[in-house]
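Structure record follows, encoded as structure tokens.
Just so it is clear, none of the values below were taken in a lab; they were calculated from the coordinates. On a predicted model such as this, the values are computed, not experimentally measured, just so you know. Here the Cβ is made from the backbone with ideal geometry for all residues, glycine too, and neighbour counts use every protein chain on show.
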Amino acid sequence: MASISRRTTLIASGTGLAALALAACGAGGTEGPTEENGVTTLRVGASPAPHAEILTFVQDNLAADAGLELEITEYTDYQIPNQALSDGDLDANFYQTPAFLEGQMEEKGFEFFAFEGVHVEPLGVYSETLASLDDLQDGDEIAIANDPTNRGRGLDLLAAHGVIAIAEGVAPTTATTGDIAENPKNLRFTELEAAQIPRSLSDFAAGVVNGNYALEAGLNPSEEAIEIEEGEGNPNANMMVVRAADQENEALVALDDLLHSDEVRAFIEETYTDGSVIPAF
């Protein structure tokens, strides 16, 4: 099947570039997909791996038959894509979990709609010096994500393996270091931007890394993670998000249908054979 040319823009993480990106968002985008000659162009923001890779597969193999053209913008920051969507610079984004989205909507007042989950990227614990969490020493330092959802998710993973215990009644996705009820090895926790953790592993005894950032850093979850989340029943599936007003837009619904197609399922299973990405449908 002939592929359609696509435009991919990479926005690197960093304070200066993030500020420029946010300023651009504030300039005011065109709200809603555009159609020309029977083809609807959708501007979709995504993390580079695996989200943009999955979208590229859709663009190159499935979009044309659905009357769609995807313009894929890649972001390595977790904050900018939602602001860009809210400002009308994107028609959709594909990079986040339900809990992260809920936190963003509560914090920033976004009016968004989330489609069903497409895939799960199991969170993993990585280390350049340890072979097991049992090797952690008293006072060791562990890097965890600084955004509320992934921070809680990382702490929950550590708690699931007996490294710490979270206070009763605290939801895993909202836990903070202040909710640690038991810490027998007096571990210290440093919060970083999620994207920085795999690049900073040498500075810590271990770090909890999101699946997409592990992929970008060349880490193999099935071989290199000390511990990794289970895929079955995982509530952290990544999904496509749009503005609430666009949830019934035919082109966006069509794109979500493609993301849940048998072809995309096969692409995920055949591409990420290390188990770093698994279908959620």
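Some observations on this one:
- Think of region 124-228 as a dipole: +1 on every Lys or Arg Cβ, -1 on every Asp or Glu Cβ, centred on the Cα centre; then among 170, 206, 181, 170 lies furthest on the positive end.
- Once both labels are positioned 7 Å from their Cα atoms along Cα-to-Cβ, the gap between residue 244 and residue 266 label points is 3.9 nm.
- Annotation note: trypsin sites (Lys or Arg not before Pro) in region 148-240 located in DSSP loop regions with a Cβ neighbour count of at most 16 within 10 Å are 185.
- When +1 charges are put on Lys and Arg Cβ atoms and -1 charges on Asp and Glu Cβ atoms, the dipole computed for region 232-281 relative to its Cα centre reaches about 200 debye.
- Amide H to amide H, with H built 1.01 Å from N, residue 239 comes under 5 Å of 95, 96, 118, counting only residues 5 or more places away or on other chains.
- Each Cα pair under 8 Å and six or more residues apart adds its separation to the average, and for the chain the resulting relative contact order is 25 percent.
- Loop-located GluC sites (Glu not before Pro) in region 224-281 whose Cβ has at most 10 other Cβ within 10 Å (DSSP): 230, 232, 248
- Nearest 10 degrees, 0 to 90: helix 15-26 Cα axis against the chain principal axis: 40 degrees
- Here region 124-228 is assigned +1 on the Cβ of each Lys and Arg and -1 on the Cβ of each Asp and Glu. Its dipole about the Cα centre then comes out at about 200 debye.
- Taking one quarter of the surface of the C-alpha convex hull of the chain gives a mean projected area of 14.8 nm².
- Averaging over all projection directions, the Cα-based convex hull of region 124-228 occupies 5.7 nm² in the image plane.
- This ranking places 242, 58 by how few other beta-carbon atoms lie within 10 Å of each, fewest first, which gives 58, 242.
- For the chain, the Cβ-based charge dipole about the Cα centre amounts to some 580 debye (Lys, Arg positive; Asp, Glu negative; other atoms uncharged).
- Estimated inter-spin distance, residue 230 and residue 131, nm [label 7 Å along Cα→Cβ]: 2.7 nm
- Note on region 148-171 and region 64-103: Cα centroid distance 28 Å, given to the nearest whole angstrom.
- Sorted by Cβ neighbour density within 10 Å, fewest at the top, the residues 101, 90: 101, 90
- Computed from backbone phi, the HN-Hα couplings of region 236-242 come to 9, 5, 7, 9, 7, 10, 9 Hz, rounded to whole numbers (Karplus: 6.51 cos²θ - 1.76 cosθ + 1.60, θ = phi - 60°; Gly and Pro given as x).
- Rough spin-label spacing in nm, given labels placed 7 Å along Cα→Cβ, for residue 200 and residue 141: 0.9 nm
- If you take the Cα centroid of region 235-251 and the Cα centroid of region 172-190, the two points sit 33 Å apart.
- Exposure proxy order (Cβ contacts within 10 Å, fewest to most) of 51, 119, 260, 161: 161, 260, 119, 51
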